[in-house]
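A short worksheet on the structure shown next.
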Amino acid sequence: MKRTKKKQKTKTTTTTTRKPDELRQPFVEHLYELRRRSIYVVASILLFSTLAYFVQQHLVNLLLRPAHGQQFIYTSPGGGINFLFTICTYVGIAASLPVIIYNVLRYLEPVTTVDMRRFIARCSYASVAMAALGLGFGYFIGLPAALHFLRGQFTTNQIKPLFTLQEYMSFVTVYLLGAALLFQLPLLLVSGNRIRPIPPGSLLKAEKYVIAAAFIIAMIMAPTPNIFDQLIIAVPVIIIYNIGALIVWSQNKRRPSVPAVAAAPPLTETVRQNSPPPMPTPQPPRSVPHRQPRYQPYVPVKRSTPSVVRRGRLIQDVF
């Protein structure tokens, strides 16, 4: 008996020591997978950035073209190298967006369904396409108008614009990034409609606020008093919003409608139909009003006789 007990104790100790290792193993695998996916992304960015370095002159000419011959300077010895390094890095990140999306989806594959992965993949690639349209719109239309106004509005014989490469690069980056985010509006509407259906009537009611916001954005992106330049930026924003509203309406129209359920009768009616006929309620007996007689009958009152009289009556009865 003692040996068997010892064996059981050793078995329990071995099983308890194995459980923590089994619990740690999936977490370690997730870390290995995250590290592997991160290496792929970083390698892709480095590869495309290196390729962009070999065509740096074309990229610089392409970036400076909206300035229309404006002269630039850099105020530090490493300013030119820093400018080239920034351009190559941005081009590498932009070219690696499909690789980043693919690795993110593969990393999230164990915790997502097939439909969810398809929806995320479609939205991601559609977002890249819309961002490319936004970059093209900002580069060819919005950025030249903004630079023309900012460069020629505040100049005199004694004041001339003199831009540095770093300031110009930061301005162009923020401007183009804002244009790319602005073209993501249809995707935001589609994603919100997938989470919770948006009625088209609410989108039409909100269009007046979108028009006001579009002209405010146009004043920020192209701060010119010319209304034509502001219309060039505001009208595409309104068109993009209407395209998103049209896509939401088509999705809601394709969605299968829930069959209308007949209105249930009230609870009182169902109880009346299913319950047996009610039993007749017993009526309380009628209370007869008590009538007092006109005159009360005479009731003799018994009087207590003294003890001497009672003794005399007993003697008479005996004799």
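The values are calculated or read from the model by the stated rules, or taken from the named source; none is laboratory data. This is a predicted model, so every value here is computed, not measured. Glycine also receives a Cβ, built like all others from the backbone with ideal geometry; neighbour counts cover every protein chain displayed.
Values computed for the structure shown
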{"quantity": "Close pairs from region 25-51: first of a type in the set (Gly, Ala, Ser), partner exposed (fewer than 12 other Cβ atoms within 10 Å of the Cβ) and at pLDDT 95 or above, Cβ under 8 Å, at least 6 apart", "calculated": "none"}
{"quantity": "Candidates LEU176, LEU150, LEU133 - the one that is in a helix (DSSP H, G or I), in contact (Cβ under 8 Å) with a residue 60 or more places away in the chain and either surrounded by fewer than 13 Cβ atoms within 10 Å (Cβ to Cβ) or not charged (D, E, K, R) (or both)", "calculated": "LEU150"}
{"quantity": "Selection count where residues are assigned to a helix (DSSP H, G or I) and farther than 10 Å from ILE141 by Cβ, scope region 215-237", "calculated": "13"}
{"quantity": "Among (1) closer than 30 Å to GLU33 by Cα; (2) within 22 Å of the chain's Cα centre (by Cα); (3) loosely packed, with under 13 Cβ neighbours inside 10 Å, the one test that LEU204 misses", "calculated": "(1)"}
{"quantity": "Where a residue in region 234-248 is without any contact (Cβ under 8 Å) to a residue 24 or more places away in the chain and its partner, wherever it lies, is part of a helix (DSSP H, G or I) and surrounded by fewer than 20 Cβ atoms within 10 Å (Cβ to Cβ), with Cβ under 8 Å and at least six apart", "calculated": "ALA234/ILE211; ALA234/PHE215; ALA234/ILE217"}
